[in-house]
Amino acid sequence: MPVRSLFARSRTTAPRRATAVTGAALAAGVMLASGTGAHALTAAPGTAPSAPSATVTTAATATTAATAADVGGRPVMRQLTPRVRAELDRAVRKVLRSTHTPGVTVGLWAPGKGGYVRAFGTADPATGAPMSSRFAMRVGSVTKTFTVTALLRLVDRGQVRLDDPISRYVPGVPNGDHITLRHLAEMRSGLFNYMLDEGFIKAYVTDPRRPFGTARLLAYSFRHPVAFAAGTAFQYSNTNTLLLARVVERVTGQSFDRYVARHVLRPAHLEHTFMPRGTEFPAPHAHGITNQTADGSVADATYWNPRMGAPAGAMISTLADLRSWASTLADGTLLSPATQAERLRTKATGIKGVGYGLGVFDNHGWVGHNGSLPGYQTVMVHLRSAHATLVVHTTSDINVHGKALSTEFAKAVTSVVTPGNVYAIEAP
């Protein structure tokens, strides 16, 4: 969801240095850590199965992400030979050490190129237990890809239209007669991100295990003015996805969690992905640390309540499930070709090489989403030109020198294997 959006340009946080939470920090940023040891699993060859917070970007033209064409005569993706896997090990360990990340798992798969699955560092800094690629993990804003897919399945059934105003389904939304479902899915509504509201921040850091209802979260947002005319700018806001989930409930008469389980997760054959009801977290899982606390001190956020992210960022999944989901999302397996084309039609975000479509981004050719919430970060992307999938999980959300940990790991991996398509989120 990001509690701190990975698109946001947050202030710099040096390793191991605590800083008090502010509105911009809670809705913006990223990570810290402790141990730096690495534990490598045996390579698992295989083939892939068939955001700005308060920052507003006004460019509304479509972007063309970097293509995966051969670079200087080199192939789109390097063969994952033992030598390249060793190179990847060194690149990941370098980021692990420089960022003081407790633990990270990396999965990379491509037909005909081999596979790379590794776990580094510790799953629990208190005990030193090693990371594993088999753990369940909190995936943050990757949840948005499931939520928007649920909406788009209703579009395919003719039950909603992308250009319907949100006021048709949810009353009381500021500027609701002019904000469409498309604007919400594209992050171009202008609605205030409830996670930036000082009242929300105070309530959350005071008791991070407390439940938050949808009506209360929307109220945090709706007491702020709309930032711009709908469709004229890009501004990442969890409020948008929360409203789309409310549309799904109003149209289907089912709870959002139930509808997503039956109409997205089940047909996608994802057996270890779900929306938690509260703080539950199935074993085995890794512990996650954060400095999103009242005084900026580092805390174990493993059992904090992710439902404050709700359909914008609360889901739990695994490396294997996200491997499958990344290609399903990029290929449009659950949607009609026309609706999938709508989803992948990205527009400018103000970040070089990164465009945002309907609940999905194109980052230098890699299609998917990232996610962050207290204790965890995720990158889940698919490079269609190489049929390659990359999934990264970290056990911290503490930015180091203003950089998201999951972005740094994804950048390191793609710099080695797809030099023409390097995953990166950089200021323009």
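Taking other Cβ within 10 Å of each residue's Cβ, how do L243, L270, L373 sort, fewest first?
L270, L243, L373
Would you mind putting 99-105, 281-287 in packing order, based on average other-beta-carbon counts within 10 Å, highest first?
Per-residue Cβ counts within 10 Å, averaged per peptide and sorted highest first, yield 99-105, 281-287.
Based solely on C-alpha atoms, express the radius of gyration and the Dmax of the range 219-262 in angstrom.
Rg and Dmax of the range 219-262, Cα atoms, are 13.2, 36 Å.
Among 111-120, 390-399, 271-280, how do they line up from the highest to the lowest mean number of other beta-carbon atoms within 10 Å?
390-399, 111-120, 271-280
Every read-out reported here was derived from the displayed coordinates using simple, explicitly stated rules and does not represent laboratory data. Note that the structure is a prediction, hence the values are computed from the model and not measured. Ideal geometry is used to build each Cβ from the backbone, glycine not excepted, and the neighbour counts take in all protein chains shown.
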